[in-house]
Amino acid sequence: MDKNVNQNNQGAVNATEAGRWVPVDKNSLGFGVPPLPNGQPVQGPDGALYCMGNSPSQLSPMAGNANNAVPTPPSIVQMPPIVQPIALVPYTSQNQPLLQYDPYSRPVDPPPAPKAPVYKRKPYKGISIATAIVAVAAAVIFLLLTVLKFNETAVRAETYSASGIALIAAIIAIFTGSGEGYYDTVIANISGNATTAQIFAYAIPFITLIVVIGFVCIAVKYVVKLAKGKSPRCFSVAALINFVLITLIAVCALVLSNSEVAESAVSANVSGFFFSGDPATVMLGVGWLIAWICSLVLFILPFFAKKNAYVLADAPSGETYNIQ
């Protein structure tokens with residue numbers, strides 16, 4: 001690199017540095033320099049070459065020789081990259097201990113992760129028990145107490161009270177064509193022209209059987225819910241069907257009653273059927289009334305269990321959670 005600088009001193013001494021002339025002050029050399037011919041290099045006591053020249057002039061670069069091992073490059077040269085190996089030293093600390101190998105070691109199982117809470121519908125055991133008891137009681141009452149009461153008329157010699165058991169027993173008599181009780185007292189005495197009344201008279205025993213089966217199914221259903229710890233809340237289709245069927249028994253009884261009186265007495269007969277005025281020829285019994293009320297209760301009772309009430313599956317008797 002050319003390090004010539006302009007100086008006003010005509011007696012400047014130029015020394016060589018890295019193959020180029022460098023201006024120096026002869027008073028700062030610390031030794032005397034012999035007379036230097038202008039433009040001719042002379043070796044000084046320190047082994048460097050010195051030459052006398054004018055500072056403003058541009059001295060030519062010095063060529064490589066034995067004393068100058070690095071020649072002046074003709075242009076900018078890109079040096080080859082130097083690859084330096086890196087020594088990797090193991091690092092250890094309290095947080096990062098040095099890896100050690102133990103042939104007898106076994107992997108340690110990680111601690112089990114905490115289980116997410118499992119919720120289930122609150123069982124409401126009291127509602128399940130109450131519903132099952134009401135269903136069983138309704139079935140027993142419907143079987144044992146009077147469902148329909150047939151009063152004495154021109155076609156019947158005496159009053160006849162039919163319980164649920166007597167009505168169901170009439171099913172066998174319907175298929176055999178003969179029998180006592182409901183079949184002989186009611187079905188056999190229906191006028192042949194009263195087709196609708198005859199159909200309803202045959203339908204009442206079958207409807208009674210279906211109602212009793214419905215009560216039994218409701219009781220079994222809620223006993224199973226109680227045993228499995230499930231919520232009793234549901235839309236009870238069986239209770240709704242029983243309610244409709246028991247109401248249908250009343251309709252059939254009214255049609256039978258009206259078929260047994262003259263057309264002029266139908267209005268008074270209907271009034272008496274609903275417990276006002278003189279009794280109708282066919283009346284509803286206490287067993288029918290209790291079964292009808294129980295069917296309505298069985299339909300409403302499950303809705304007292306809250307819809308969004310949940311408890312922990314592992315602790316069913318614990319706190320209740322309202323989960324939307």
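Below, the figures for the structure above:
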| item | result |
| --- | --- |
| Residues of region 277-298 satisfying the condition of being among the polar types (S, T, N, Q) and exposed (fewer than 14 other Cβ atoms within 10 Å of the Cβ) | none |
| Complete set of residues in region 284-312 that are within 17 Å of A239 (Cβ to Cβ), in a helix (DSSP H, G or I) and of a type in the set (A, V, I, L, M) | L289, I290, A291, I293, L296, V297, L298, I300, L301 |
| From T159, T146, T153, residue being modelled with pLDDT of 90 or more, surrounded by 10 or more Cβ atoms within 10 Å (Cβ to Cβ) and not hydrophobic (A, V, I, L, M, F, W, C) | T146 |
| F274 vs. criteria in contact (Cβ under 8 Å) with a residue 40 or more places away in the chain, farther than 19 Å from L144 by Cα and open to solvent by 10 Å² or more (accessible area, probe 1.4 Å) | no |
| Any pair with Cβ under 9 angstrom, 6 or more apart, that starts in region 213-226 at a residue that is touching a residue at least 24 places away in the same chain (Cβ under 8 Å) and ends at one that is assigned to a helix (DSSP H, G or I) and aromatic (F, W, Y) | F215/F142 |
| Residue match in region 182-189 (condition: among the small types (G, A, S), farther than 30 Å from K125 by Cβ and open to solvent by less than 70 Å² (accessible area, probe 1.4 Å)) | yes |
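The values are calculated or read from the model by the stated rules, or taken from the named source; none is laboratory data. Keep in mind that what you see is a predicted model, and the values were worked out from it rather than measured. We place every Cβ from the backbone using ideal geometry, glycine too, and count neighbours over all the protein chains shown. Keep in mind that these areas ignore ligands, DNA and RNA; they rest on the heavy atoms of the full protein, side chains included. Shrake-Rupley method; radii C 1.70, N 1.55, O 1.52, S 1.80 Å.
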